[in-house]
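I have placed the structure first, in the form of structure tokens, so that the comments after it can refer back to it.
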Amino acid sequence: MSKTDLIKLDDFYIKREDLNPTGSAKDRALFYQVENLHKLGFTKAVISSTGNAAISASYFCHQANTDLTIFLSPKINPNKLKLIKTKNNHIIIDPKPISSAFNFAKNNHAYFLRQSTDPSALAGYGQIGLEIIDQLPQVTSIFIPAGSGTTLLGISQKIPKTTKLFAVQPANNPTIAKHFDHDYLTETTSLTDSLSVKFLPLRQVVIAAIKKSGGGGLVISDNQIKKQLDYLASKNITTSPESAMALAGLVKARSTNIDVGTFPLVIFTGTKR
């Protein structure tokens, strides 16, 4: 995996994980996971996904000549579904993709590419932390779009203890951020479509890592996301609503007088689909 760019924009920094081979930070984990499944003697893999992880898994499994079965929600983004279909995958649309993928793995001796339960995924995300230390050693805070929190947890294991970590989540599913941020109105939908995970086996571990760093969580509305998408467009930067949401987290933190330090960093986790 090649190092992704870290750029300065106005008075903050951006880590462009949306420029990975398949356009998302999921590549960091899936590269390691597919490598690991072969070390363990597996020839088949299975994944449940809201889209980006399946796109990444499809890419790396295809490179490694690994048979892949993908369980997807009926609500999947059609643009992401088109990308998943470009490879020779077994695609199953299922209202309960996580449990169905788990049962498939158990019954078919397939490696379950579930990032929140696979230590090799954390190792992959840890590479982001190592790159940050190299590219911006004075980083004071990091704002990360969070679903299960696995990306944040992997990064936390490699960065200085003085760096504050912030989990940023949409107002329709603030499973982690709500433990820190109570200044929001619940929404029923979201511009984001890759952060809808409900099963969070690492929730308490992630919350503990955030607290240990001195950081927090931030809940972001669709209007706040739209505002940052417009701002980024004015700077000729096109990215996903999830990435814009992370930037909105930094803006909200500053507006509420949270100390983010002189060198705040925003992780852009996915490209626009």
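In the structure displayed, which of 44/272; 178/235; 164/212 lie more than 19 Å apart, Cα to Cα?
Details: 44/272 30 Å; 178/235 31 Å; 164/212 9 Å.
Violating the 19 Å Cα-Cα cut-off are 44/272; 178/235.
Projected area of the chain, taken from the Cα convex hull and averaged over every viewing direction, in nm²? Each step should come with its number before you reach the end.
Working: hull surface 52.6 nm².
The number I arrive at for the chain is 13.1 nm².
Taking K and R as +1 and D and E as -1, what net charge do the other residues with C-beta under 15 Å from the C-beta of residue 81 add up to? Could you put the intermediate results ahead of the total?
Details: positive: 75, 80, 82, 85, 87, 273; negative: 94, 193.
In short, +4.
With the Cα gyration tensor of segment 26-117 giving a ≥ b ≥ c as the square roots of its eigenvalues, does the rule (a/c under 1.5 for rounded; else a/b larger than b/c for prolate; else oblate) give rounded, prolate or oblate?
Numbers: a/c = 1.66, a/b = 1.24, b/c = 1.34.
Because a/c hits 1.5 or more and a/b fails to exceed b/c, segment 26-117 counts as oblate.
Taking amide H positions as placed in the peptide plane 1.01 Å from N, state which residues far from residue 173 in sequence (5 or more) or on other chains have amide H under 5 Å from it.
Correct list: empty.
Toward the positive end of the charge dipole of the chain, about the Cα centre and with charges on Cβ (Lys, Arg +1; Asp, Glu -1), which of 239, 209, 268 goes farthest?
209
Add +1 for every Lys or Arg and -1 for every Asp or Glu among the other residues with Cβ under 11 Å from the Cβ of residue 239, and state the total.
Local net charge: +1.
Roughly how far apart, in whole Å, are the Cα centres of segment 6-38 and segment 247-271?
Measuring centre to centre over Cα atoms gives 18 Å.
Once you list every other residue whose beta carbon is under 13 Å from the beta carbon of residue 100, what net charge do they have if Lys and Arg are +1 and Asp and Glu are -1? List each step's numbers first, then the result.
Values: positive: 96, 106, 114; negative: 94.
In short, +2.
What helices in the chain pass both tests, a Cα length along the helix axis of 24 Å or more and a mean Kyte hydropathy of -0.5 or higher, using whole DSSP H runs?
Details: long enough: 119-135 (25 Å, 0.34).
Qualifying helices, which must be both long enough and hydrophobic enough, are 119-135.
We did not get these values from a lab; they are worked out from the coordinates using the rules stated. Everything quoted here is computed from the prediction, not taken from an experiment. Quick reminder, even Gly has a Cβ in these numbers, built from the backbone with ideal geometry, and neighbours come from all protein chains shown.
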